[in-house]
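Colleague: Got a structure for you, questions after.
All of the numbers you see were taken from the coordinates with simple rules; none came from a lab. In this text, all values refer to a predicted model and were calculated from it rather than measured experimentally. Neighbour counts are summed over all protein chains in view; Cβ atoms, including those assigned to glycine, are modelled from backbone coordinates with ideal geometry.
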Amino acid sequence: MNLQDDDFTLFGLPQQFALDRAALDARWRELQGKVHPDRFAAEGAAAQRVAMQWAVRVNEAYRRLKEPLSRGQYLCELRGASVDAESNTAMPPAFLIQQMEWREALDDARTLPAVEALDDEVSAFERQLQADLGRMLDEHNNAAAAAQQVRALMFVNRFRSDLARRLDAFET
């Protein structure tokens, strides 16, 4: 293992969006078992510090790979297409109109079933964007188009957070 390896190499997984979550989880547990600082307690402070670096590196890679949005962004960057979410917020007009309609629907939703219905709709849309992202990366190797898809998913992810807060408000 090399600290400089990309996350996929570190986990021994193919560099693709489609991911076997069970294999990722199993490999994470295996790697954590190898690098956990407690295993190096008898070897002194220096060995424990190195083990801690490894444990942090493995956990960071695991978090990045397990989430479709962060995995997609990471793959785009590995393939030379920066997402540039802070400076590139241009989106197709139809997508922006959809976002505005969802915002209005959330503002108008007064009942739990109405918010849940909107959440179901947005969740289905998010799954479709993720499937499209997977095709762009794994089948078409189009990192530039995938980067735009990641930006769209970021918009949807933020809106899903707003929906989650609204759903939580009904529970309190």
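Colleague: Multiply the residue gap between Asp162 and Leu13 by 0.36 nm, knock off their C-alpha separation, and tell me the result in nm, one decimal place.
Modeller: Result for the pair: 50.3 nm of gain on full extension.
Colleague: Rounded to the nearest 20 Debye, what is the dipole magnitude of the chain about its Cα centre when Lys and Arg each give +1 and Asp and Glu each give -1 at the C-beta?
Modeller: So the magnitude is around 600 debye.
Colleague: In percent, how large is the relative contact order of the range 24-154, given Cα pairs closer than 8 Å and 6 or more residues apart?
Modeller: After rounding, I find 26 percent.
Colleague: Give me a comma-separated list of calculated 3J(HN,Hα) values for the range 131-140, in order, Karplus coefficients 6.51, -1.76, 1.60 applied at θ = phi - 60°, integers in Hz, x for any Gly or Pro.
Modeller: Listing the rounded values in order: 5, 4, 4, x, 5, 4, 7, 7, 9, 9 Hz.
Colleague: Okay, next question. What three numbers, in Å, describe the spread of the alpha carbons of the chain along their principal axes, ordered from the longest?
Modeller: Largest to smallest, the principal-axis extents are 62, 44, 30 Å.
Colleague: What's the FRET efficiency of Ala22 with Ile97 using the Cβ-Cβ distance as r and R₀ = 45 Å, to the nearest 0.05?
Modeller: After rounding, the FRET efficiency stands at 0.70.
Colleague: Pulled fully out, how much extra length does the chain show between Leu3 and Leu78, if you take 0.36 nm times their separation in residues and subtract their Cα-Cα distance?
Modeller: Fully extending the segment from Leu3 to Leu78 adds 25.4 nm.
Colleague: When the convex hull of the C-alpha atoms of the range 93-171 is computed, what volume per residue in Å³ does it have?
Modeller: 76
Colleague: Now for a separate question. Express the relative contact order of the range 7-66 as a whole percentage, based on alpha carbon pairs under 8 Å and six or more residues apart in sequence.
Modeller: 37
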